[in-house]
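Down below is the structure, laid out as structure tokens.
The values are calculated or read from the model by the stated rules, or taken from the named source; none is laboratory data. Computed from a predicted model, the values in this text were never measured in an experiment. All Cβ positions, even for glycine, are placed from backbone atoms using ideal geometry, and neighbour counts span all protein chains on display. When the accessible area is computed, the model is the full protein with side chains, heavy atoms only, and any ligands, DNA or RNA have been set aside. Shrake-Rupley method; radii C 1.70, N 1.55, O 1.52, S 1.80 Å.
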Amino acid sequence: MLKFNLLFSVFVFGNLCAQEKKIGTVYFDFDSFNVDALQKKCIVDFVKEIDSSQIESVYVYGYCDDRGTDDYNLKLSQNRVNAVKNVLLTKGFSKSKIVIVEGKGRVLLDDYSGGSLEDIRSKNRRVDMLLVKKNSFGKRIFNSFQENHEVGDRIFLETIFFELGSSNLTTASKKELDRIAGILQRNKRVEFEILGHVCCTPDNYKEAIDRATKERKLSLNRAKNVFKYLISRGVSSLRMSYKGLGNQFPSGKGDDFDRRVELLITKN
């Protein structure tokens with residue numbers, strides 16, 4: 001079996017609205033979530049490459065290979081991300097910047113072109129750390145909700161994504177919305193519009209079908225579910241509205257980033 005516990009790779013994601021991202025990947029041995037000394041050094045060296053004062057947030061995602069049950073692999077992937085998070089914290093990285101720590105379970109095999117079966121499985125036993133630079137979209141365009149905003153500010157909520165054909169909020173999305181609700185409770189005057197988006201629709205359709213309702217209202221339902229969740233967290237419905245924009249405004253980053261919501265500040 002190949003020993004990927006000694007491997008560490010860093011590469012640059014493509015630009016999204018001039019936003020720079022870097023991702024560091026740590027690979028694990030089969031059925032293990034142990035971070036050895038060399039891996040710890042790799043994590044620390046990776047973070048040191050970027051001035052932490054310029055980092056808006058960090059997302060940590062964990063994965064497993066396809067062997068084992070769904071429940072077991074989900075737990076193992078969560079243990080892996082927690083282990084990486086602990087390394088970041090013990091080395092002095094700010095807890096407030098780590099906005100997502102999510103185990104995604106096993107990665108199913110669907111493409112053997114990248115090497116042998118064992119090679120592919122070894123590369124799926126990993127944790128990815130995505131670093132996002134602070135306010136790197138451009139003037140008055142943000143990648144997370146801030147304590148202070150101006151009318152016209154647009155917030156691209158990178159941490160709120162959806163499964164294909166779904167308007168259901170993920171656990172990670174709810175955590176980010178909980179954080180936003182806290183900010184909104186402290187800033188009672190802020191009002192905003194929630195804008196939903198979709199990907200992967202035929203050219204003759206501007207909207208996609210929501211699997212749950214069978215209606216072609218997917219982007220609208222995504223915005224509506226964010227609206228309803230914020231209400232459940234004590235945010236007044238009078239402060240916000242929602243709209244579905246379908247596939248009219250692709251991010252340019254790919255399908256995963258097109259299944260999203262944005263916030264537009266309308267009053268402050």
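General remarks:
- Between Tyr229, Tyr205, the distinction of being open to solvent by 70 Å² or more (accessible area, probe 1.4 Å), of a type in the set (Ser, Thr, Tyr) and in contact with a Lys or Arg (Cβ under 9 Å, 6 or more places away or on another chain) belongs to Tyr205 only.
- In region 58-98, residue nearest to Glu147 (Cα to Cα) [restricted to those that are surrounded by fewer than 20 Cβ atoms within 10 Å (Cβ to Cβ) and of a type in the set (S, T, N, Q)]: Ser96
- Candidate set from region 126-175 (those that are β-branched (Val, Ile, Thr) and modelled with pLDDT under 80); member that is farthest from Gln39 (Cα to Cα): Ile141
- Filtering region 99-116 to residues that are open to solvent by 80 Å² or more (accessible area, probe 1.4 Å) and in contact (Cβ under 8 Å) with a residue 12 or more places away in the chain leaves Lys104, Arg106, Leu108.
- Identity of the residue in region 176-209, under 17 Å from Ile160 (Cα atoms) and assigned to a loop (DSSP other than H, G, I, E, B), that ends up modelled with the lowest pLDDT: Cys199
- Odd one out for Ile23 among (1) open to solvent by 30 Å² or more (accessible area, probe 1.4 Å); (2) at pLDDT below 80: (1)
- From Ser219, Ser167, Ser173, residue being among the polar types (S, T, N, Q), buried (at least 16 other Cβ atoms within 10 Å of the Cβ) and not in a helix (DSSP H, G or I): Ser167
- A search for C-beta distances below 8 Å between a residue of region 178-189 that is more than 16 Å from Thr266 (Cβ to Cβ) and in contact (Cβ under 8 Å) with a residue 24 or more places away in the chain and any residue that is surrounded by 14 or more Cβ atoms within 10 Å (Cβ to Cβ) and among the β-branched types (Val, Ile, Thr), counting only pairs 6+ apart in sequence or on different chains, returns Arg179/Val99; Ala181/Val235; Gln185/Val235.
- Qualifying residues in region 233-261 (those that are among the charged types (D, E, K, R) and in a loop (DSSP other than H, G, I, E, B)) - the one nearest to Ile141 (Cα to Cα): Lys253
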